[in-house]
Amino acid sequence: MKSATIAFDRFNTLQDEQAQERIRAARAELGDRAVLLCHHYQRADVYQHADLTGDSLKLARLASQTDSEFIIFCGVHFMAEVADMLSQPHQIAILPDLAAGCSMADMANLAKVNRCWRELTEVLGNPDERITPVTYINSAADLKAFCGEHGGIVCTSTNAPTIMDWAFAQREKVLFFPDQHLGRWTGFKKGIALEEMLVWDPDLEYGGLTPDQIRKARVLLWKGHCSVHQMFQENHIRRWRMQHPDGLVISHPESNLDVCRNSDYVGSTEYIIKTIKAGASGTRWLVGTELNLVNRLAEEVRPEGKIVEFMAPTVCMCSTMQRIDPQHLAWALENLVEGKVVNRISVPEHEAALARVALERMLAVS
Ligand code: CIZ
Ligand code: SF4
């Protein structure tokens, strides 16, 4: 008879060095059966074990191209869901700590989006004819399924402009969730007036808007944000530029509009890394995105004479992603060695089928 699942208690008190040893040993036993993915925001003591690194979509696509039975996703919950939905049927996605959620993704849920849709129906008639729902990839699978069902689509921080064009080609308005900042920046770059992009507060009736405002709006921006990127402020940029007038500023579009407007470059984590790596020797950069990424990048480009600095004066890490620590990783891997799958992320098929519709629309146009 097979042994029971190994409890996490036995790993909780492991010293970091012991946990690292056990990760290496378990990986050696599992070989190609397990592929380890790390998002750019992952902490250094876990990131060092990565087979593949990238943003959420790139990782999910790369994992599906491997034949590994186990996809160990060192990232947050929605990312492991995407990996599960885009991988081959025999592959199993695992999130080493189930508490690794995304606080932004949690700001929208199906009950609230359904209520929003009902209220829009009252004001506009059938929203399926008037509004394209667009969800950022940072959202639960059931919201991706909602978009699949209602003629909508998924976007990432890389392809948001293309996706917004697609959305407007379908219908006259866009409902963008859960990140108001990515939605606003994307609309702003397209020349949509700020007065035509209104915030939908899901905790208020009709989003806190009047019927007339809803009828006139072109983009409804769900009231959600990333707690990490909201720390970056325009005055951080202004002060830095006074000291470094030749410096270059690059930000993630989850930052607020003033930060994005005052940056020289705005883009996804992949874009930020690529841009700074391609920058000239001797350049100095101020970066508005998560600190683990910025620290790693600073180390990587220092030998080329580039200086990379972090935008906020305080430490801003993605606290949920931090939960994937060497202890949880060692625990998940040792269970696999014992033939036990812990923390599997498996999206129910009826939901995954609709979510894939929205994901595939995105992959087809971007
Ligand atoms: O899609 C991702 O991985 C996220 C959350 C951000 C980015 O820009 O890569
Ligand atoms: Fe979510 Fe923000 Fe963390 Fe990204 S950095 S995973 S948006 S909480």
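The values are calculated or read from the model by the stated rules, or taken from the named source; none is laboratory data. What you see is a predicted model, and the numbers here were worked out from it, not measured in a lab. Backbone-built Cβ (ideal geometry, glycine too); neighbour counts: all protein chains shown. We work out accessible area using only protein heavy atoms, side chains counted, and drop any ligands, DNA or RNA first. Shrake-Rupley method; radii C 1.70, N 1.55, O 1.52, S 1.80 Å.
Some observations on this one:
- Residues in segment 194-212 that are out of contact with any Gly (no Cβ under 9 Å at 6 or more places or on another chain) and part of a helix (DSSP H, G or I): E195, E205, Y206, G207, G208, P211, D212.
- Hey, D97 open to solvent by less than 40 Å² (accessible area, probe 1.4 Å), of a type in the set (D, E), within 16 Å of ligand 1 (Cβ to nearest atom) and within 17 Å of I324 (Cβ to Cβ) or not: no
- Pairs linking a residue in segment 24-47 that is more than 14 Å from N295 (Cβ to Cβ) to a residue that is surrounded by fewer than 20 Cβ atoms within 10 Å (Cβ to Cβ) and of a type in the set (G, A, S), with Cβ atoms under 9 Å and 6 or more positions apart or on different chains, are L36/A50; L37/A50; C38/A50.
- Scope segment 295-352; condition charged (D, E, K, R) and closer than 30 Å to E149 by Cα; matching residues: R344, E349, E351
- Condition met for I237 (out of contact with any Lys or Arg (no Cβ under 6 Å at 6 or more places or on another chain), modelled with pLDDT of 95 or more and within 14 Å of ligand 1 (Cβ to nearest atom)): no
- Filtering A312, A280, A330, A298 for residues that are crowded, with 22+ Cβ neighbours inside 10 Å and either more than 26 Å from W222 (Cβ to Cβ) or within 23 Å of the chain's Cα centre (by Cα) (or both) leaves a single hit, A330.
- Hits in segment 252-272 - residues which are crowded, with 20+ Cβ neighbours inside 10 Å and more than 15 Å from ligand 2 (Cβ to nearest atom): C260, S263, V266
- The set of residues in segment 151-165 being of a type in the set (V, I, T), surrounded by fewer than 24 Cβ atoms within 10 Å (Cβ to Cβ) and not in a helix (DSSP H, G or I) consists of T156, T158.
- Residues of segment 309-344 that turn out to be among the acidic types (D, E) and part of a strand (DSSP E or B), as a count: 1
- Each residue in segment 166-183 was checked for being open to solvent by 20 Å² or more (accessible area, probe 1.4 Å) and either assigned to a helix (DSSP H, G or I) or at pLDDT below 95 (or both), and 6 pass.
- Residue check for V35: within 14 Å of the chain's Cα centre (by Cα), crowded, with 19+ Cβ neighbours inside 10 Å, modelled with pLDDT of 95 or more and closer than 27 Å to A364 by Cα: no
- A Cβ distance below 7 Å, combined with a sequence gap of six or more or placement on separate chains, defines the contacts here; from segment 218-229, residues that are open to solvent by 50 Å² or more (accessible area, probe 1.4 Å) reach residues that are among the charged types (D, E, K, R) and more than 13 Å from ligand 2 (Cβ to nearest atom) in the pairs R218/K173; R218/E196; K223/D201.
- So N138, is it closer than 19 Å to M362 by Cβ, open to solvent by 10 Å² or more (accessible area, probe 1.4 Å) and either more than 16 Å from the chain's Cα centre (by Cα) or within 16 Å of ligand 2 (Cβ to nearest atom) (or both): yes
- Residue check for P133: away from ligand 1 (no atom under 15 Å from the Cβ), under 26 Å from V174 (Cα atoms), open to solvent by less than 10 Å² (accessible area, probe 1.4 Å) and at pLDDT below 95: no
- Among the residues of segment 54-89, those that are surrounded by fewer than 19 Cβ atoms within 10 Å (Cβ to Cβ) and closer than 24 Å to L297 by Cα comprise R61, L62.
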